1. Pairs please, first residue from the stretch 361-376 and within 12 Å of residue 342 (Cα to Cα) and free of Cβ contacts under 8 Å to residues at least 40 places away in the same chain, second anywhere and surrounded by 13 or more Cβ atoms within 10 Å (Cβ to Cβ) and of a type in the set (Ser, Thr, Tyr), Cβ atoms under 7 Å, 6+ apart in sequence or on different chains.
2. Collect the residues in the stretch 130-158 that are open to solvent by 40 Å² or more (accessible area, probe 1.4 Å), aliphatic (A, V, I, L, M) and in contact (Cβ under 8 Å) with a residue 12 or more places away in the chain, keeping them in residue-number order.
3. Without any contact (Cβ under 8 Å) to a residue 60 or more places away in the chain and over 18 Å from residue 277 (Cα atoms): does that describe residue 262?
4. Give the residue that is nearest to the chain's Cα centre (by Cα), with candidates limited to residues of the stretch 382-414 that are of a type in the set (S, T, N, Q) and surrounded by 14 or more Cβ atoms within 10 Å (Cβ to Cβ).
5. Being at positive phi and either loosely packed, with under 13 Cβ neighbours inside 10 Å or touching a Ser or Thr at 6+ places or on another chain (Cβ under 8 Å) (or both), is that true of even one residue in the stretch 351-367?
6. Which one of 127, 199 is in contact with a His (Cβ under 9 Å, 6 or more places away or on another chain), surrounded by fewer than 24 Cβ atoms within 10 Å (Cβ to Cβ) and in a loop (DSSP other than H, G, I, E, B)?
7. Among the candidates 412, 407, 368, 387, single out the residue that is at pLDDT below 90 and assigned to a helix (DSSP H, G or I).
8. Take the stretch 130-159 and flag every residue that is hydrophobic (A, V, I, L, M, F, W, C) and outside any helix (DSSP H, G or I).
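The values are calculated or read from the model by the stated rules, or taken from the named source; none is laboratory data. The structure presented is a predicted model; accordingly, all values stated were derived computationally and were not measured. With ideal geometry, Cβ positions are generated from the backbone for all residues, glycine too; neighbour counts draw on all protein chains shown. Surface areas here come from the heavy atoms of the whole protein model, side chains and all, with no ligands, DNA or RNA. Shrake-Rupley method; radii C 1.70, N 1.55, O 1.52, S 1.80 Å.
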Amino acid sequence: FTSRSLSRRIWRHMMHGQRGGKLLQAQLAGVARAIGRPGPEELPVLHKADKETGTVASSKATPLATPLSRDRLPDLAAAETRLFGILAKSGPSASAGLGYAVLRACARRGDASRAELWLKRLVDVGVQTDVRALNAILHAFARVADVNKSEEWLLSMIDRSLDPNIYSLNSLLAACAEAADIPSAHRWFARMSQAGLIVDAVTYRTMVSVCARAGNVQLAEEWLSKMRSSSHPPDVVSCSTLISACASSGDAVAAEKWLYRMQEEGLRAGRAAYEPVIRAWSTGGPAKAEPMRAEGWLWKALEANVEPTDAALMALLAAFVHAEDMEGAHRIVGVMRKLKRWPRAAAIAALARPAVGAGDFVTVERLLAELRQEGGRADADCLRALLSAYARTPCPPQDGRIEACFLKMRSLYGTAVDADGELLGDLRRALGKDRYGRLAASVGLSAAPVIHRRSHAKSRVVGRLGEIPASE
């Protein structure tokens, strides 16, 4: 758990075990903050406890700005055990509201076992269980995608003659969405609808998410149509979820269609809507990638003040490189520079691929030099690209650069590189038999280099295959 929302005074009282009604409120507020950051519904109660116990000077102030460092965090389990004893002596009227605040904090953190433990303790001291407490348990199991336990608690709510509300159903459907369990979601939606529960926009949105996460785009579209025919028009979240599902299935045309429809309905598309379309046209899926089309959506996103993530920019850059359109690749580099996403080692490795295939190690070295000049650091992919370029050039350098490249990889990533047969194959091909033997003896390389004759035969450089013995 994090400590950003703890106050030192609350924890000092907790660890010294002081008692009293107001102090108990402060202690429970501390546990709520320890488990998870309080939500809007807990803040007024927690602020009241802070004010009554003198933790803060006014109701507008908050101890959220007084965090503890991780090395000073107390033992939450020990603090809870102490509080359980205090609760047993204080009775149900002490702080039922803050007890439920702790339950909701457990739910937001996805700590279902701790939520169940707190509910049991609250029942033991005489706090009456109601719908809001069981909803917190449902939400906790939804966070961990445990559909079976969510169903058990919802049935338990019905057995206790408590009427589940729309939050109960939405929590269960959220668990189904996390687990991509379409049958369970449909079964509970039908059961609760037959019971007279009026569903809301969140319910339809969650049903769209269930189908989308399960990869059933057609069913997700049907639920979005049902949402449109009801009194709840589709919103940004539901449309973005469907767009993401289309893109994940490789259907870039459908993803683009829904993004157009989303804009026609006056919904403001965000990153969750633009990025799947950009990545779908960049990777292609079953169809051929169209980086120019993806770039068009990139510019539309930027015009709408939506900045794509590094992953989307890298996918588009790789698509241009794969299509051998280096002008397009450099346009994406220009966008990355404007967005202050440059330099990136992964981008350098992608730009170096054509030079690697041609054995042009000079170009690869120049790209790595630019990376260093702009404050970047070469990673394993960059160094491997350079080593592959050395292996494919007709005239590998003889001044120790090849050995230095391998030794740098070894210093950065340890001896794990010694077991990479294909990397050792590139090293063997770049150095030649004698130099490789001397380097292997000096650093203790025991793994055999792997050289694929067929892949080397496809290299753009002619004449290097003769250097490789037939046995290799």
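1. Once the first residue is within 12 Å of residue 342 (Cα to Cα) and free of Cβ contacts under 8 Å to residues at least 40 places away in the same chain and sits in the stretch 361-376, no partner that is surrounded by 13 or more Cβ atoms within 10 Å (Cβ to Cβ) and of a type in the set (Ser, Thr, Tyr) comes close enough.
2. 144
3. On the way: without any contact (Cβ under 8 Å) to a residue 60 or more places away in the chain: yes; over 18 Å from residue 277 (Cα atoms): no.
So residue 262 does not fit the description; no.
4. The residue in question is 388.
5. We begin by selecting, within the stretch 351-367, every residue at positive phi; these are 359.
So of that shortlist, the ones also either loosely packed, with under 13 Cβ neighbours inside 10 Å or touching a Ser or Thr at 6+ places or on another chain (Cβ under 8 Å) (or both) come out as 359.
Yes, the stretch 351-367 contains a residue that is at positive phi and either loosely packed, with under 13 Cβ neighbours inside 10 Å or touching a Ser or Thr at 6+ places or on another chain (Cβ under 8 Å) (or both).
6. Of 127, 199, the one residue that is in contact with a His (Cβ under 9 Å, 6 or more places away or on another chain), surrounded by fewer than 24 Cβ atoms within 10 Å (Cβ to Cβ) and in a loop (DSSP other than H, G, I, E, B) is 199.
7. 412
8. So the first thing to find is which residues in the stretch 130-159 are hydrophobic (A, V, I, L, M, F, W, C), and the list is 131, 133-134, 136-138, 140-142, 144-145, 147, 153-155, 157-158.
Residues satisfying the conditions are 144, 145.
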